[in-house]
Structure formats: C-alpha cells, structure tokens
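Peer 1: Take this structure, written in structure tokens, and hold onto it; I'll ask about it next.
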Amino acid sequence: MAWHVAETKAKLKAAAVEEFAERGLAGTRVESIARRAGVNKERLYNYFGSKEDLFALVLSEELDRFAESVPMLAEDGDDIGAYAGRCFDYHCDHPVLIRLQHWEALELPAGKPVPDEDDRASRYAHKTAAIAQAQRDGRVIASVDARDLVFAIIAMSSWWAAVPQLARMVTGADDSPAERARRRASVVAIARRLAPDS
C-alpha cells in the first residue's frame, strides 16, 4: 500500500509543477492538479494540506533539483563561465523553475518572507561563499561583491528562458539549436570576463 501513496504523491507533485508553472498559485485550481494527475483531489489535501503548501513544496523541490544538477565552482580549475553555461543549459531545459519563481514574486506580498526563505537563503549563501573563495584564489574579480556576482550570474543565465519573447525581440533570432548554442557561448564569454586576466 505504501508504494501507492508514494506514487500518488509523485503524480500530484508532477501535475502541480506543470499547473503552477502555467497558471501561477492564484490561477491554479486543486481540481486541475488532481485531474492532470488522475487522482482524487481529496488526496492532495490529505498529503499536502493546502494548495499554498503544495506550491511551496514543489518550488523547494525544483530548487533542490537545480542545486543537484548544477554544481557550483569546483576546485579543479572550473571557472565562472563554465558555471554560467551550466545554469543557462539547466534553465533552457527546465524553464518551470524560473516560471515558478516568477509566479512567487508576482503573487506573494512584496517584501514579505517567502516559504522556506531561511533555508533558501542559506543555499545562496553557499554559492556566494564559493564565489568569495574563487575571488580569494584570484579566479574571479574581487572588485564586485560576491553576492552581487551570484545574482548577476543567475539573472544572466536564466533570463533567456524567463522571457523568451524579449530574447527574440532583442536578438532578432529564433529558438533553433544553433541560436541556443550562440546564446550560451555569449553567456559563458560574458561570465568569463569576470575572471582576472592571466
């Protein structure tokens, strides 16, 4: 019986990611999530409490996936350009994370803490610490605060997936594999300008 619970939860979470990414927290209906998952909506309430709790959970899990899939700067000569390229690839391949974060920003009260904010902030602090160490090692410019560099890399690598219409209007380009490779190369090159001249 336990495997049915795990399978049902997984179906509900997968459906919730898609629904929330498409419609946001306010626009998503519990019935829509349940229908997409092929599960009775009462299961959602039983397993996750509320729609808001489920939104917080799926966003947290998407952030976990990103952190696991996109390692921060390694000590073996990896550079900030390689990290920016990995971020770009992830966001192009998994745009739901950016969409969920946009909906969170649009729908939750401005200036108020978001769910799990302390835990999420500690993850970004870990990334900032890695950049600060790279600065001390001379691998990244030290004239810009490490926190600002982390934010700039996130913005530069994710905005292509966040607002594809803007990317199209500014660059006048399509979404072909060749164009994606060109965009990625630009992100990597710009990020590498943050490394000191050797």
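The values are calculated or read from the model by the stated rules, or taken from the named source; none is laboratory data. Quick caveat, the model's predicted, so the values are computed rather than measured. Note: ideal-geometry Cβ built from the backbone for every residue, glycine included; neighbour counts use all protein chains shown.
Peer 1: Counting only residues that are among the charged types (D, E, K, R) and under 17 Å from the mean Cα position of the chain (by Cα), which one in the range 119-146 is surrounded by the fewest Cβ atoms within 10 Å (Cβ to Cβ)?
Peer 2: ASP119
Peer 1: Can you tell me which residue in the range 17-45 is farthest from the chain's Cα centre (by Cα), limited to those that are surrounded by fewer than 13 Cβ atoms within 10 Å (Cβ to Cβ) and in a helix (DSSP H, G or I)?
Peer 2: GLU42
Peer 1: Of (1) under 17 Å from ALA82 (Cα atoms); (2) at pLDDT 90 or above, ARG139 satisfies all except one. Which?
Peer 2: With respect to (1) under 17 Å from ALA82 (Cα atoms); (2) at pLDDT 90 or above, ARG139 is out only on (2).
Peer 1: Could you tell me whether ASP93 is among the charged types (D, E, K, R), under 16 Å from VAL70 (Cα atoms) and modelled with pLDDT of 90 or more?
Peer 2: yes
Peer 1: Return yes or no: is ALA185 small (Gly, Ala, Ser), surrounded by 13 or more Cβ atoms within 10 Å (Cβ to Cβ) and within 14 Å of ILE80 (Cβ to Cβ)?
Peer 2: No, not satisfied.
Peer 1: Just for the range 165-182: of the residues that are charged (D, E, K, R) and surrounded by 11 or more Cβ atoms within 10 Å (Cβ to Cβ), which one is modelled with the lowest pLDDT? Before you say what the answer is, go through the steps one by one.
Peer 2: Taking the range 165-182 first, the residues charged (D, E, K, R) are 168, 174-175, 179-180, 182.
Add one more test, that the residue is surrounded by 11 or more Cβ atoms within 10 Å (Cβ to Cβ), and what stays is 168, 175, 179-180, 182.
Values: ARG168: 88, ASP175: 79, GLU179: 91, ARG180: 92, ARG182: 94.
Here the answer is ASP175.
Peer 1: Which condition from (1) assigned to a helix (DSSP H, G or I); (2) surrounded by fewer than 15 Cβ atoms within 10 Å (Cβ to Cβ); (3) more than 13 Å from the chain's Cα centre (by Cα) is the one that ALA155 breaks?
Peer 2: (3)
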